[in-house]
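Below: the structure, in structure tokens.
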Amino acid sequence: QVQLVESGGGLVQPGGSLRLSCAASGSIDSINAMGWYRQASGKQREWVATITSRGSTSYIDSVKGRFTISRDNAKTTVYLQMNSLKPEDTAVYLCNLFRRGRTYWGQGTQVTVSS
């Protein structure tokens, strides 16, 4: 079993920054990839960024140049540095982990961008 715990969400003004963290625990050998999704109120869940086991990263176009996904040396914690935040970035951000053909999800952390 895999557990994912996110932290770092909150309220920030437009143009501000936040750093989200996601710590994985449990059966976390052979992780293929970790990433972030988000779900705004009344909208479908949207992929945001992924980092693979080899360290390759990818992003949805709307966050390129503003968000950076990274991980710690143990490869069990993934981060999402979010800069130049916009009101349209407001959503619940969920961490996910892909391992041995299965996807695991965290509970999510709320990010609100508002003046």
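The values are calculated or read from the model by the stated rules, or taken from the named source; none is laboratory data. Because the structure is a prediction, the values reported are computed rather than measured. Using ideal geometry, Cβ is built from the backbone for each residue, glycine included, and neighbour counts are taken over all protein chains shown. Areas reflect the complete protein model, heavy atoms only, side chains present, ligands, DNA and RNA absent. Shrake-Rupley method; radii C 1.70, N 1.55, O 1.52, S 1.80 Å.
Surface composition of the chain: carbon plus sulfur atoms hold 45% of the accessible area, using a 1.4 angstrom probe and ignoring ligands, DNA and RNA. Residue separation of Ser25 and Gln13 scaled by 0.36 nm, minus their Cα-Cα distance, works out to 1.1 nm of gained length.
Residue-wise HN-Hα couplings along the range 56-71, as the Karplus relation 6.51 cos²θ - 1.76 cosθ + 1.60 with θ = phi - 60° gives them from phi, are 6, 10, 8, 9, 5, 4, 5, 10, 4, x, 10, 10, 9, 9, 8, 8 Hz; Gly and Pro carry x.
Counting Lys and Arg as +1 and Asp and Glu as -1 over every other residue whose Cβ lies under 14 Å from the Cβ of Tyr59, the net charge comes to 0. Charge dipole (Cα centre; +1 on Lys/Arg Cβ, -1 on Asp/Glu Cβ; no other charges) of the chain amounts to roughly 240 debye. The gain in end-to-end length when the Arg102 to Lys64 segment is fully stretched comes to 11.0 nm, 0.36 nm per residue minus the alpha carbon separation. Between Asn32 and Ser114, the FRET efficiency from the beta-carbon distance, with R0 = 25 Å, is close to 0.10. Secondary structure note: in the chain, about 95% of the DSSP beta bridges are antiparallel.
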